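Working notes, beginning with the structure itself.
The values are calculated or read from the model by the stated rules, or taken from the named source; none is laboratory data. Only a predicted model underlies this, so the values are computations on that prediction, with no experimental measurement involved. A quick note on method: Cβ atoms are made from the backbone with ideal geometry, for glycine too, and the neighbour counts reach across all protein chains shown.
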Amino acid sequence: MRRLLLTAAVATAATLTLAACGTTEDAADDDDKGGAGKGAAQPITLTDATGKKVTLEDGPATKVVGTEWNVVEHLVSLGVDPVGVADVKGYNTWDSAVPLTNEPKDIGVRGEPSIDTIAALNPDLIVATSDLPQSAVKQLGERTPVLTLRSADAADPIGQMTENLDLIAEATGTTDRAEELKKEFDAKLADGKKALDDAGLGGGNVAFADGYVVSNQVSVRPFTSGSLLGAVNERLGLKNAWDVEGDKDYGLGSTDVEGLTKLPDDTQFVYIANKDDDSSTPFTEGGELAGDSVWKSLPFVKAGDVHRLDDGIWMFGGTESMNQYVDGLVGVLSK
């Protein structure tokens with residue numbers, strides 16, 4: 001289960017060089033936008049994150065496979081039920097904001113999907129991310145168009161998220177729905193910021209992290225300003241309390257319990273764990289840090305400013321996961 005949470009950030013150590021484009025060419029006519037399969041079928045040509053042109057000869061794709069959970073969330077949010085999903089059980093565990101509304105075929109683990117299983121589904125389109133090895137993308141592309149999205153970009157996390165949403169919407173003829181999702185997200189941020197300001201919490205220090213226990217050692221993963229959640233926090237008018245450096249894609253850092261002593265005394269410490277994975281809950285009352293002298297000495301721990309968000313908020317998801325995060329964060333901070 002620990003691998004589930006870490007998989008989304010595996011590529012950060014590989015220093016990915018893919019650049020996100022998100023541009024489209026020869027998009028479907030306006031009559032085709034707003035719902036997959038509407039209007040006369042017109043070829044759609046898209047430019048993906050690798051600079052490759054991907055053409056859908058029969059118009060918007062309806063039978064789509066998603067190799068990563070953020071891709072799957074985008075698809076379902078847009079009203080497109082994927083026929084194949086990587087690690088269905090894991091998705092259902094970690095992404096409760098956008099439940100699957102069908103019963104897609106499990107195509108294997110993220111990062112290493114089954115080529116044969118995908119081929120048997122005969123999809124119109126495979127949507128992958130830059131976390132998928134290029135050898136796998138090449139093999140998948142021999143039979144089916146593959147649209148590769150940049151997994152994340154610490155330089156503009158929210159922009160990358162919405163760019164990926166828009167590109168999938170172009171491919172599936174659901175651009176109207178994509179616009180609705182972005183407007184809902186912007187409204188959620190505005191409402192969340194107002195709620196925090198009204199509660200006198202605007203401008204406060206927040207440190208979001210997750211943690212793991214391996215061989216009785218606690219590892220803490222800070223979500224810096226370059227992370228998606230870090231960017232959301234700042235859009236809410238909060239300050240990111242972490243001063244560690246994050247990677248260039250996901251904006252994730254690394255530290256230990258001693259590193260927590262560098263956080264400001266007035267920090268609100270927020271984390272997500274999973275009830276089904278004991279290794280992911282070191283910060284809980286009965287967790288690995290319960291008897292740790294350094295942890296217990298931290299000012300924000302003494303003040304009770306340690307907050308666990310509800311399970312099932314996918315930290316690397318799409319607009320609806322971020323909406324769920326905003327609700328959870330505002331809820332625990334304003335208690």
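Residue under question is Leu125, and the condition is that it be touching a Pro at 6+ places or on another chain (Cβ under 7 Å) and closer than 18 Å to Asp48 by Cβ; does it hold? Yes; evaluated as a whole, the condition is true for this residue. Tally up the residues in the range 104-137 that are surrounded by 22 or more Cβ atoms within 10 Å (Cβ to Cβ) and touching a helix residue (DSSP H, G or I) at 6+ places or on another chain (Cβ under 8 Å), please. Here the count works out to 12.
Quick check, is Leu140 buried (at least 19 other Cβ atoms within 10 Å of the Cβ) and in contact (Cβ under 8 Å) with a residue 40 or more places away in the chain? Please lay out each step first, then the result.
Values: buried (at least 19 other Cβ atoms within 10 Å of the Cβ): yes; in contact (Cβ under 8 Å) with a residue 40 or more places away in the chain: no.
So Leu140 does not fit the description; no.
Within the range 206-242, the set of residues being at negative phi, surrounded by fewer than 19 Cβ atoms within 10 Å (Cβ to Cβ) and modelled with pLDDT of 95 or more comprises Ser225, Glu234, Arg235, Lys239.
Could you check the range 63-98 and list, in sequence order, the residues that are under 20 Å from Arg143 (Cβ atoms), among the aliphatic types (A, V, I, L, M) and under 12 Å from the mean Cα position of the chain (by Cα)? Correct list: Val71 only.
Residues that are of a type outside the set (A, V, I, L, M): which helices (runs of 4 or more DSSP H) entirely in the range 52-136 hold 3 or more of them? Let's see the steps before the verdict.
On the way: elements: 69-77, 88-94, 115-121.
Of the helices (runs of 4 or more DSSP H) lying wholly inside the range 52-136, those with at least 3 residues that are of a type outside the set (A, V, I, L, M) span 69-77, 88-94.
Please find, within the range 243-268, the residue that is surrounded by the fewest Cβ atoms within 10 Å (Cβ to Cβ) out of those that are touching a residue at least 40 places away in the same chain (Cβ under 8 Å) and under 20 Å from the mean Cα position of the chain (by Cα).
In the first step, residues of the range 243-268 are kept if they are touching a residue at least 40 places away in the same chain (Cβ under 8 Å); the result is 246-252, 260, 263-264, 266-268.
Those still in the list that are under 20 Å from the mean Cα position of the chain (by Cα) too: 246-252.
On the way: Gly246: 22, Asp247: 21, Lys248: 15, Asp249: 26, Tyr250: 27, Gly251: 27, Leu252: 26.
Ranking the qualifying residues of the range 243-268, first place goes to Lys248.
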